[in-house]
Every structure is written in structure tokens, then in C-alpha cells.
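The values are calculated or read from the model by the stated rules, or taken from the named source; none is laboratory data. The structure displayed is predicted, hence computed values, not measured ones. Here the Cβ positions follow ideal geometry from the backbone for every residue, glycine too, while neighbour counts run over all protein chains shown. Heavy atoms of the whole protein, side chains included, go into the accessibility calculation; ligands, DNA and RNA do not. Shrake-Rupley method; radii C 1.70, N 1.55, O 1.52, S 1.80 Å.
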Amino acid sequence: THTLRYTFTGANSCSNFIEQTIRVNPTPNAFAGPDKFVLEGGQVQLTPALNAGFPVTYSWTPPTGLSNPNAPDPIASPIDDITYTLKVTSDKGCNKRYQVFVKVLKKPSIPNIFSPNGDGIHDKWVTSALDTYPGCTVEIFNAYGQRIYYSIGYTTPWDVTIKGKPVPVG
């Protein structure tokens, strides 16, 4: 709430004023919520923090993969990584935008065999989509239960070596 004062001074040096109180409408207070992770083909609910205290409407863009882009907390089923923007608009037309990122964890194909014999077939342990899992842990054990490979993250296929030497056949 603000008070405006208009003062007028005439040619005779006399002045007068008038005051009027006006209200500037507030901007909706909200937060799109924390970034989310979802397994490929799965769904996750967007969980914004909404604290407007007056009537508001919601609009999520893009609407791709959303159960209802006008709901405050829609279910998201994206195919690929996506950033959603939430626009919260008050009943007086004031609005604010917030964003949330949804990371889609692709289904990895995990091979259970390799043959490091130099023939170009299965010479490396290659798995797809692990790069979509931030901080994933990969552990490979031999037939005796000994860990022969370990990594946090998996950006480069394992070359099927132990301390620089090829693993034994079998």
C-alpha cells in the first residue's frame, strides 16, 4: 500500500495538495520445486512450493509429457531430459515464472559377457545409457567374487583389463 501526494502551486504562489492511497498488487510467491529424476517410461510428480495467499492460476510449459499443464502439481512422463517452466498468475494479472529440470534416466543395456580376445567382438564391456545416471557406481566381479573393475560414473567403456593387462579368458 502506497500513499501518493499531488501538490499544485498556482501562479499566485498558493498551493494545495491531495493524497490518495493505492495498493500495488503482489507477485505470487512460489517455487517450481527441486529438480527431478525419472526412469525412462516412468512418471514423477512435480512438487512446487506454493505460497501465494490469494487466488492464482498455474501454467506449465512446454506441456510435453504432463498430465495437466494447468494443474499446480502435474504428473510428468517425459521421453527426454526437459526443463519445465511454471507460470503462476494472480487474480490481478501479476505473474512470475519458475523452472524445474527433469532428468530422464534411460534404461541401460548391461552385457553379462565379454571376450577380450582381440577379434573385435565383445572386446570391451560396453553398456548404453549409464551416462544418464549421474554418479552411478559400476562394479564388475570375476567368477570367484573378486572385484576386478570399479568406477564412479561410466563415460568410457571398460577396456577389459586389470592394471593394464587383459583379463584372462573365461
Exercise. Among the residues of segment 130-140, which ones are part of a loop (DSSP other than H, G, I, E, B), surrounded by 13 or more Cβ atoms within 10 Å (Cβ to Cβ) and free of Cβ contacts under 8 Å to residues at least 24 places away in the same chain?
Worked result: C136
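Quick one: in segment 82-126, which of the residues that are hydroxyl-bearing (S, T, Y) and closer than 15 Å to P48 by Cα is surrounded by the most Cβ atoms within 10 Å (Cβ to Cβ)? So that I can check it myself, show each step before the final result.
The initial filter retains those residues of segment 82-126 that are hydroxyl-bearing (S, T, Y), namely 83-85, 89-90, 98, 109, 115.
Now restrict to residues that are closer than 15 Å to P48 by Cα: 83-85, 89, 98.
Values: T83: 12, Y84: 25, T85: 13, T89: 18, Y98: 16.
So the residue we want is Y84.
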Exercise. When both residues are 6+ apart or on different chains and their Cβ atoms are under 7 Å apart, which pairs have a first residue that lies in segment 144-161 and is surrounded by 13 or more Cβ atoms within 10 Å (Cβ to Cβ), and a second that is among the basic types (K, R)?
Worked result: P157/K124; W158/K124; D159/K124; V160/K124
Problem set entry | Test: residue in segment 9-27 that is closer than 29 Å to G135 by Cβ and either open to solvent by less than 50 Å² (accessible area, probe 1.4 Å) or touching a strand residue (DSSP E or B) at 6+ places or on another chain (Cβ under 8 Å) (or both) | no
For this session: Would you please name the residue that is nearest to I82 (Cα to Cα), looking only at residues in segment 23-63 that are out of contact with any Phe, Trp or Tyr (no Cβ under 9 Å at 6 or more places or on another chain) and β-branched (V, I, T)?
Result: V38
Exercise. Residues in segment 145-163: is at least one assigned to a loop (DSSP other than H, G, I, E, B) and basic (K, R)?
Worked result: yes
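Quick check: anything in segment 41-56 in contact (Cβ under 8 Å) with a residue 60 or more places away in the chain and open to solvent by 40 Å² or more (accessible area, probe 1.4 Å)?
Taking every residue of segment 41-56 in turn, at least one turns out to be in contact (Cβ under 8 Å) with a residue 60 or more places away in the chain and open to solvent by 40 Å² or more (accessible area, probe 1.4 Å).
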